Amino acid sequence: MTTFSPEIIAAAKARYGELKAAGQTEGAFEARRDAAPRLGAIPADAARFTDEIPADWYWHGHVAAGEILSIDNPAATPGASLILWSAVDPSERLNPADTIKVQWTAAIGRGRVLLSDMGRAMASVVDGPDAAMDFVAGGSTAFSAGPGRFNARDHFIKAAAKHGLGKRDVGPVMSLFAPVVTDAEGNLVWGDAPLAGRVDLLAEMDLIAAVANCPHPLAPSAEARPITITLWRPASAPDFCRTATPEAERAFINNEAGR
Amino acid sequence: MTRSSLDPAAAVARHEIAATLGWSGLVKKGQSIRIVDSCGQQAVDTLFYNAHDTSERYSAQDTLQAARYAYIRAGTTLISNDGNPMLTMTADTVGYHDTSAGACSVESNTVRFGHETRHLHACRENFVVEAARWGMQKRDIVSNINFFMNVPIEPDGRLAIVDGLSEPGNYVELVALMDVICLISNCPQINNPCNGFDPTPIEVLIWDPA
Ligand SMILES: [Zn+2]
């Protein structure tokens, strides 16, 4: 059994304190994020694919490294859920727990990265709101949506199946346009952030992605509205997320090592 | 605080799990499983699977959605990815437990703490080995419960592992509502406070229904 000397323990404790302070003190990250240019409208000739996804339906497909997966929500549908697998090795997938733990916050938005279970950035959130994504409560299920209605979990099982994967590959998910917050008592509540808008995810590796346009189970309204998926390649890839935090920089060391 | 009336002398199984190691075992419907934090401040990363169909497993998100509460506490029913109740927490002498921050891994340690930690043991290493005993793979490892791990999520979203609340001998107890496989990693992490920077042994006890 491993045992650790008091010196090693003291050093680890001091280092954790420094990392936590750096990760949770407002300033450096926000400054880098706010200084980065916004993406703006998607150039008409830049998109290789676009589709409007009806309420309660889903989309799935490949997103190549360097492409942007844009999810536009003009009519403020209350939540759309997302799952990501590595196209090269789908056993590597989005890890919502690592994404929030490593970045010291459940308020993930523009400037942050979406992490895989292998310590790599799968995608960078290159534009969109500063938060209003849920990694804790997940997406809708047969239970939450009720009988006879499509739900995110079942859509993801179908999407997985169409890429040679299965139910075992559908674990925890994240939701966009879902301002779920934990209140001071620990209750999960729906916040008041605006829902309409676009989220732009830059693929940092070749991905299989699935988006379920199903309302979030905690949303006050269960009425879904269409969203639009666009896959496009910007003239120059926004790279500010790579250096926005020391954690992101270290994740990209793993991206490079894993290529 | 919800204490248990079960007598350790009447337990049908008793396993001491040494610091940093993994363990797995069956808990049958109606049985109760107690996990004891023998020395205090020791995170116990735990997963449950339906013993007859391991594609059905504990789902942290289904569980929190149903409870509309961010932590596991006495009275919480653990819900599977098929929406079925798997176990209910019947006793807890700590207060609340994390299920959103996941298990430590060699890979996430490099991102979180630096690449110099890359040769340290981690929970997901234990999970992969224990899962393999039951025919499962890395893809079967989902977000787990971290018993005795204290990860408050602030209203502004900030979250961090902070000093554990558990004292030596604190425990949680759950009654199984279906036959389950229990996977445990007695967390070996020394880079954050989840184990008080010093991993220690834990104990698992199982009782038949009264
Ligand atoms: Zn661990």
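The values are calculated or read from the model by the stated rules, or taken from the named source; none is laboratory data. Please read all numbers here as calculations on a predicted model, not as lab measurements. Virtual Cβ from ideal backbone geometry, glycine too; neighbours counted across all protein chains shown.
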Could you tell me whether any residue of the range B:87-94 is away from chain A (no Cβ under 11 Å), under 14 Å from the mean Cα position of the chain (by Cα) and within 14 Å of the ligand (Cβ to nearest atom)?
no
Residue that is farthest from A:ALA184 (Cα to Cα), among those in the range B:67-80 that are more than 15 Å from the chain's Cα centre (by Cα) and touching a residue at least 60 places away in the same chain (Cβ under 8 Å):
B:GLY75
Quick test of your reading of the structure: B:LEU120 fulfils all but one of (1) buried (at least 19 other Cβ atoms within 10 Å of the Cβ); (2) more than 12 Å from the chain's Cα centre (by Cα); (3) within 16 Å of the ligand (Cβ to nearest atom). Name the failing condition by number.
(1)
Check whether at least one residue in the range A:150-159 is under 18 Å from A:ALA64 (Cβ atoms), crowded, with 17+ Cβ neighbours inside 10 Å and not β-branched (Val, Ile, Thr), and report yes or no.
yes
Looking at B:ALA60, B:ALA43, B:ALA18, which is the one that is at pLDDT 95 or above, under 24 Å from A:PRO147 (Cα atoms) and within 16 Å of the ligand (Cβ to nearest atom)?
B:ALA60
Looking for something modelled with pLDDT of 95 or more, within 9 Å of chain A (Cβ to nearest Cβ) and assigned to a helix (DSSP H, G or I) - is there at least one such residue anywhere in the range B:21-37?
no
Over the range B:162-198, the set of residues within 11 Å of the ligand (Cβ to nearest atom) and in contact with a Pro (Cβ under 6 Å, 6 or more places away or on another chain) is B:PRO188
Looking only at the range B:10-20, which residues are within 14 Å of chain A (Cβ to nearest Cβ), small (Gly, Ala, Ser) and crowded, with 16+ Cβ neighbours inside 10 Å?
B:ALA19
Listed residues A:VAL211, A:VAL173; which is under 22 Å from A:VAL113 (Cβ atoms), of a type outside the set (Asp, Glu) and more than 13 Å from every other protein chain (Cβ to nearest Cβ)?
A:VAL211
Is there a residue being within 24 Å of A:GLU67 (Cα to Cα) and at the interface with chain B (Cβ under 8 Å from one of its Cβ atoms) anywhere in the range A:133-149?
yes
Is it the case that the range B:199-208 has a residue that's more than 16 Å from the ligand (Cβ to nearest atom) and out of contact with any strand residue (DSSP E or B) (no Cβ under 7 Å at 6 or more places or on another chain)?
yes
With respect to A:ALA235, determine if the residue is more than 22 Å from A:ASP56 (Cβ to Cβ), out of contact with any Lys or Arg (no Cβ under 8 Å at 6 or more places or on another chain) and either charged (D, E, K, R) or within 12 Å of chain B (Cβ to nearest Cβ) (or both).
no
Leading residue by the ranking (surrounded by the most Cβ atoms within 10 Å (Cβ to Cβ)) among those in the range A:100-135 that are β-branched (Val, Ile, Thr) and closer than 22 Å to A:ASP72 by Cα
A:VAL113
Picking from A:ALA145, A:ALA244, the residue that is over 22 Å from B:ILE79 (Cβ atoms) and buried (at least 19 other Cβ atoms within 10 Å of the Cβ) would be A:ALA244
Residue within the range B:129-139 that is within 21 Å of A:LEU188 (Cα to Cα) and in contact with a strand residue (DSSP E or B) (Cβ under 8 Å, 6 or more places away or on another chain) present:
no
Meets criteria (without any contact (Cβ under 8 Å) to a residue 40 or more places away in the chain and assigned to a helix (DSSP H, G or I)) for A:ASP192:
no
By residue number, the members of the range B:120-174 that are within 10 Å of another protein chain (Cβ to nearest Cβ) and of a type in the set (A, V, I, L, M, F, W, C) are B:LEU120, B:MET136, B:ILE141, B:VAL142, B:VAL151, B:ILE153, B:LEU159, B:ALA160, B:ILE161, B:VAL162
